[in-house]
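Okay, so here's the structure we're looking at.
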Amino acid sequence: MGYCGEKWLILGQNTIEMQESTLFVGEFHRTIDEKGRLTIPASWRPRKNHDGSDISYLALPTPDGNITVYSPKMVAQLEARISQVSIGDMEGQKAITELMSMAHSFTCDKQGRINLNDRLIRHAKIQKDVVLIGKLSTFSLFSDEGYEKFQSSYTVDEGTKAAVFQRFGL
């Protein structure tokens, strides 16, 4: 039985207690400090587990040069998919190894900051200014320049956008 609106997720023998999902929406502009810390919007911050322990999020590099941050719910789904990759699938294992070697698991400090590792900061070419973009169940971190490049590369007419939204059932 869950606790006061919380959900339970069962993965094999492990039971993970999770709160209702946070919805990551909106665009926020932040500055990363000299220690690599970035303040997350208050509505996006991880909450505590029922037992008071911190909830961890996972940051992964993307092929297009930004960082995607996954909530515990999404991490559980990713873990389930990755566990299905056969040990004999050398290409799959190499891709997982490369991706996870750059991954960063984190919680927020009391001021709502996360600390990104140097490899992710270099991957996203983040100098100081960071753009946080909510994508409902995940959020992305871009350098200012990376976000401008992303926006300029996505010039789709309204009819095409409507078709994409329709594919999502919107």
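The values are calculated or read from the model by the stated rules, or taken from the named source; none is laboratory data. Because the structure is a prediction, the values reported are computed rather than measured. Methodologically, a virtual Cβ is constructed for each residue, glycine included, from the backbone with ideal geometry; neighbour enumeration extends over all protein chains shown. SASA here: full protein model, heavy atoms, side chains in, ligands and nucleic acids out. Shrake-Rupley method; radii C 1.70, N 1.55, O 1.52, S 1.80 Å.
Annotations for the structure displayed:
- So Glu91, is it under 21 Å from Gly26 (Cα atoms), open to solvent by 100 Å² or more (accessible area, probe 1.4 Å), in a helix (DSSP H, G or I) and out of contact with any helix residue (DSSP H, G or I) (no Cβ under 9 Å at 6 or more places or on another chain): no
Listed here are the residues, each with its yes/no results for (1) small (Gly, Ala, Ser); (2) in contact with a Pro (Cβ under 6 Å, 6 or more places away or on another chain); (3) farther than 18 Å from Asn117 by Cα.
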{"site": "Thr62", "(1), (2), (3)": "no, no, no"}
{"site": "Ala76", "(1), (2), (3)": "yes, no, yes"}
{"site": "Glu79", "(1), (2), (3)": "no, no, yes"}
{"site": "Ile87", "(1), (2), (3)": "no, no, yes"}
{"site": "Lys94", "(1), (2), (3)": "no, no, yes"}
{"site": "Met100", "(1), (2), (3)": "no, no, no"}
{"site": "Ala103", "(1), (2), (3)": "yes, no, no"}
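- Qualifying residue in the stretch 54-61 (condition: open to solvent by 50 Å² or more (accessible area, probe 1.4 Å) and more than 23 Å from Leu23 (Cα to Cα)): no
- Of the listed requirements (1) over 29 Å from His29 (Cβ atoms); (2) open to solvent by 100 Å² or more (accessible area, probe 1.4 Å); (3) not polar (S, T, N, Q), Ile96 misses just one: (2).
- Taking the numbered list (1) in contact with a Leu (Cβ under 8 Å, 6 or more places away or on another chain); (2) farther than 28 Å from Arg30 by Cβ; (3) open to solvent by less than 100 Å² (accessible area, probe 1.4 Å) in turn, Glu79 passes all entries but (3).
- Assessment of the stretch 57-68 against the conditions (farther than 28 Å from Glu148 by Cα and in contact (Cβ under 8 Å) with a residue 12 or more places away in the chain) yields no matching residue.
- Any chance Leu132 is touching a Leu at 6+ places or on another chain (Cβ under 9 Å) and surrounded by fewer than 12 Cβ atoms within 10 Å (Cβ to Cβ): no
- Number of positions in the stretch 25-72 that are closer than 16 Å to Ser105 by Cβ, assigned to a loop (DSSP other than H, G, I, E, B) and in contact with a Phe, Trp or Tyr (Cβ under 9 Å, 6 or more places away or on another chain): 4
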